[in-house]
Amino acid sequence: MNAQEQIQRLPEEFTKNGNNYRLYRRGTRTLFYAIVDTKGRELDYEVFLIKIQSPGEKFGKWYPERERFPTSEAFGKWAVWCKDIDRATTWFEGFEKGHKQRSYGEIQAEVDPSSNPRGVIGNVHAKMEDE
């Protein structure tokens, strides 16, 4: 694959739907963005698997092969939103290990077993399974 054929990455900083996003961490299969205010303070976090959009024409414009940002429907499937950076980091580490959605507590217990020996923490809102 030459330089012109490389997959276009999501930018490190961008604005979408009125939110300012700043790349916090990039993994081999996962992206971790902070949603920041106009002063650069982190408000929320979004963590999602890297999904690739095929090249093609849309509304008369040609787009190369590129990483895609999750739609609203992706949250709870391959993307999560978190208010807490520690929780977002746990999701990031779980996705990087190849897990699909499971509860936050189960992932945290696997990433750091000493943090929760029973593997149950807070609100269980999604399921994640090994690939």
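The values are calculated or read from the model by the stated rules, or taken from the named source; none is laboratory data. Bear in mind the structure is a predicted one, so any value in this text is a computation, not a measurement. A quick note on method: Cβ atoms are made from the backbone with ideal geometry, for glycine too, and the neighbour counts reach across all protein chains shown.
Checking PHE48 against (1) surrounded by fewer than 16 Cβ atoms within 10 Å (Cβ to Cβ); (2) under 22 Å from THR90 (Cβ atoms); (3) among the hydrophobic types (A, V, I, L, M, F, W, C), which single condition isn't satisfied?
For PHE48, the exception is condition (1).
Could you identify the single residue in GLU42, GLU57, GLU73 that is surrounded by 11 or more Cβ atoms within 10 Å (Cβ to Cβ) and at negative phi?
On inspection, the qualifying residue turns out to be GLU42.
How about segment 12-44: which of its residues are among the β-branched types (Val, Ile, Thr) and either touching a helix residue (DSSP H, G or I) at 6+ places or on another chain (Cβ under 8 Å) or not in a strand (DSSP E or B) (or both)?
Listed by number, the residues that qualify are THR28, THR30, THR38.
Condition first: in contact with a strand residue (DSSP E or B) (Cβ under 8 Å, 6 or more places away or on another chain), among the hydroxyl-bearing types (Ser, Thr, Tyr) and either in a loop (DSSP other than H, G, I, E, B) or closer than 14 Å to ASN19 by Cβ (or both). Now tell me which residues in segment 45-86 satisfy that.
TYR45, the sole residue that qualifies.
Sort through GLY27, GLY18, GLY40, GLY76 and tell me the only one that's among the small types (Gly, Ala, Ser) and modelled with pLDDT of 95 or more.
From the options GLY27, GLY18, GLY40, GLY76, the qualifying one is GLY27.
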